[in-house]
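The values are calculated or read from the model by the stated rules, or taken from the named source; none is laboratory data. For clarity, every value in this text was computed on a predicted model and none was experimentally measured. Counting neighbours? That spans all protein chains shown, and the Cβs are built from the backbone with ideal geometry, glycine included.
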Amino acid sequence: MISHEEYKKALKQFHKLSDRHILAAETDMSSYDIQKVVKLSDKIRKAGNELVGLMRKNYDHLMRTKRYRKLLKLYGSTEDKKKRKHFAGQLNEMQKQYDVTWDFCRKSMIFIGKKYNVDAVFALTKAEDIWRGMEKCLYGNGNILHFSKYGDLPCIRAKQMNRGIRIFVKDNKLQFKLGRTVFGIKINDRFQTDEVNAILNYLAEPEIMNNKAVQTLMDEAYCIDTYRPCYATLVPKMIRGKYRVYLHLTIEGKAKPKYDRFGSPRHKYGKGMIGADIGTQTVAYTSDTEVGLKNLSERGNSIQTSERKERLLYRAMDRSRRATNPQNYNDDGTVKKGRKTWRYSNHYKKLKSKHSELCRINAINRQLAINEDANHLRSLGDVFITEPKNAGRLMRRAKETTVNSKGKFNRKKRFGKSIKNRCPSGFQTAVEQKFKASGGIYIEVSNDYRASQYDHTVDDYIKKRLSDRMYKLQDGTEVQRDWYSSFLLYCYDYRTKDIDKNKCISEFDKCYSKEKALIEWIKVNEIKVLNSGIKIA
């Protein structure tokens, strides 16, 4: 038998190591209660903006000092561990001197939260979010903290089960309490029912489940799924002109498996290797059973029409804004510098609401398409091999000013719109999470792998132009560039962490015949695959 203190330590360790997932469901609040939640969310937004202003002011003062900037340079250029530790100590001292610390952020939010009449636990959670952004500016690649604009509704979260949004059981149903407001959740499918039943089972006998979890951790070094509700988050959203409130319940353990209406598992997990080349707008993949080339974040052909509508509405908004505020623009159409007052017509407001709704629908469709593609790839194999993420680098503006053949300056923008519409990094992150959560393996090859430059027919790296989407190998075989890169990633060697040349030779004919059949199918069905080089008659 272990002592009470040892048990508490072991339980705390279990909570730290165990998996967590989120159950999202709509609340059954009345319209009056929804308005109260929206009002509280706006108070949290205002309190957060006041703290952001304070932290930005202190951060700007800190960054203006020559000594701090000099210490940052010395810290970055020094490799000696003792010197780096010394410089880090000096940087921390200066941060304390200029009040750019978590302690100052937390204490400041106490007074700001009282000013806006926000519960202390909600104010603390908002302060944590702001400090996380401040840490990105101090230690990561962040540049500045951003304010939340009017209309943004931050989530209402308290990272404790018994404070802020309390959880309890009444008549064998999950109930939640925010202040004096008591509400439940709408359960619409089998997955939500299974999750809620698992939570109710835990709440019926929490001590027994905790004892079992601690015992398993100590005996087998393994974390079981307890389905303990950790904390709840309220997420207000504007949908089709009306406010709706969703509850995100963080639960301990892995999510329950999903089933279709026939009772069969909804998602199947395959075995084998998958090589995938993820571009800015498309993904090409090669597996033991299937090859593919498709647009990212696309569910049917309607997404391209929706994206065009989104652009047209934004241009109409810009024309309306310019017509009602001519005093804010220069003669060449650029916006004047300095403080400005903006007036918006009723026509502009209607356009804005249409644009916001369309953006929301497109964002949901993108996320659903990403999840569907990730699940499909997981059904093809359990080892996913791809190149490192590079969307952030591709979005950077070009540094050099160039002129085209007509004598006009080329735009310095690079891939921003494609990345916004297709979300390649979001897709890659979703695939990584899917494979790791389901017991698969996710591998990112090193930068010197150079899948797009290798030619297995001559065992050499041959430089190719970015515009060469369909090109011929040295033996005369024509391949689609993205698919061939995915094939070379499929031929990954675990031991050397390089291209397996023998596998390339033995597997190429089989995979190439599948690629030819795929391109023929794309042409017959007249599917427009972006930047693929496949011409449709």
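Here are a few things to note about the model shown:
- Extreme residue, farthest from the chain's Cα centre (by Cα), among residues of region 234-265 that are farther than 30 Å from residue 352 by Cβ and among the β-branched types (Val, Ile, Thr): 251
- Just one of (1) in contact (Cβ under 8 Å) with a residue 40 or more places away in the chain; (2) outside the structural domain of residue 483 (by TED's automatic domain parsing) fails for residue 296. It is (2).
- Pair list, Cβ under 7 Å, 6 or more apart: region 38-65 residue more than 25 Å from residue 90 (Cα to Cα), other residue in a helix (DSSP H, G or I) and of a type in the set (Lys, Arg): 44/126; 47/126; 48/126
- Cβ pairs under 7 Å, 6+ apart, first in region 10-35 and assigned by TED's automatic domain parsing to the domain that holds residue 241, second in a helix (DSSP H, G or I) and small (Gly, Ala, Ser): 14/213
- When the test is whether a residue is loosely packed, with under 14 Cβ neighbours inside 10 Å and not assigned by TED's automatic domain parsing to the domain that holds residue 21, residue 401 passes it.
- Any hit, region 207-230, residues being under 29 Å from residue 357 (Cβ atoms) and basic (Lys, Arg): no
- Residue in region 364-383 that is more than 22 Å from residue 440 (Cβ to Cβ), hydrophobic (A, V, I, L, M, F, W, C) and surrounded by fewer than 18 Cβ atoms within 10 Å (Cβ to Cβ) present: yes
- Evaluated against (1) touching a residue at least 60 places away in the same chain (Cβ under 8 Å); (2) among the charged types (D, E, K, R); (3) buried (at least 17 other Cβ atoms within 10 Å of the Cβ), residue 432 falls short on exactly one condition, (1).
- Number of the condition not met by residue 455 [criteria: (1) surrounded by 13 or more Cβ atoms within 10 Å (Cβ to Cβ); (2) touching a residue at least 24 places away in the same chain (Cβ under 8 Å)]: (2)
- Screening residue 6 against (1) surrounded by fewer than 18 Cβ atoms within 10 Å (Cβ to Cβ); (2) of a type in the set (D, E, K, R); (3) within 23 Å of residue 234 (Cα to Cα) leaves a single unmet condition, (3).
For every residue, the table says whether it meets (1) at pLDDT 90 or above; (2) among the polar types (S, T, N, Q); (3) out of contact with any strand residue (DSSP E or B) (no Cβ under 7 Å at 6 or more places or on another chain).
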residue	(1), (2), (3)
207	yes, no, yes
216	yes, yes, yes
229	yes, no, no
243	yes, no, no
252	yes, no, no
283	yes, no, no
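- Complete set of residues in region 140-161 that are over 30 Å from residue 62 (Cα atoms), surrounded by 11 or more Cβ atoms within 10 Å (Cβ to Cβ) and of a type outside the set (D, E, K, R): 153, 155, 156, 158, 160, 161
- Filter result for residue 462 (surrounded by 11 or more Cβ atoms within 10 Å (Cβ to Cβ) and farther than 26 Å from residue 288 by Cβ): yes
- Some residue of region 480-489 being within 23 Å of residue 513 (Cα to Cα), in the same structural domain as residue 304 (by TED's automatic domain parsing), among the polar types (S, T, N, Q) and touching a helix residue (DSSP H, G or I) at 6+ places or on another chain (Cβ under 7 Å): yes
- Neighbours by Cβ (under 6 Å, 6+ apart or cross-chain): first from region 395-409, modelled with pLDDT of 80 or more; second part of a loop (DSSP other than H, G, I, E, B): 402/410; 404/410
- Going through (1) more than 30 Å from residue 258 (Cβ to Cβ); (2) over 25 Å from the mean Cα position of the chain (by Cα); (3) free of Cβ contacts under 8 Å to residues at least 24 places away in the same chain one by one, residue 163 falls short only on (3).
- Residues (surrounded by fewer than 21 Cβ atoms within 10 Å (Cβ to Cβ) and either of a type in the set (A, V, I, L, M) or within 30 Å of residue 445 (Cβ to Cβ) (or both)) located in region 259-278: 267, 268, 269, 270, 271, 272
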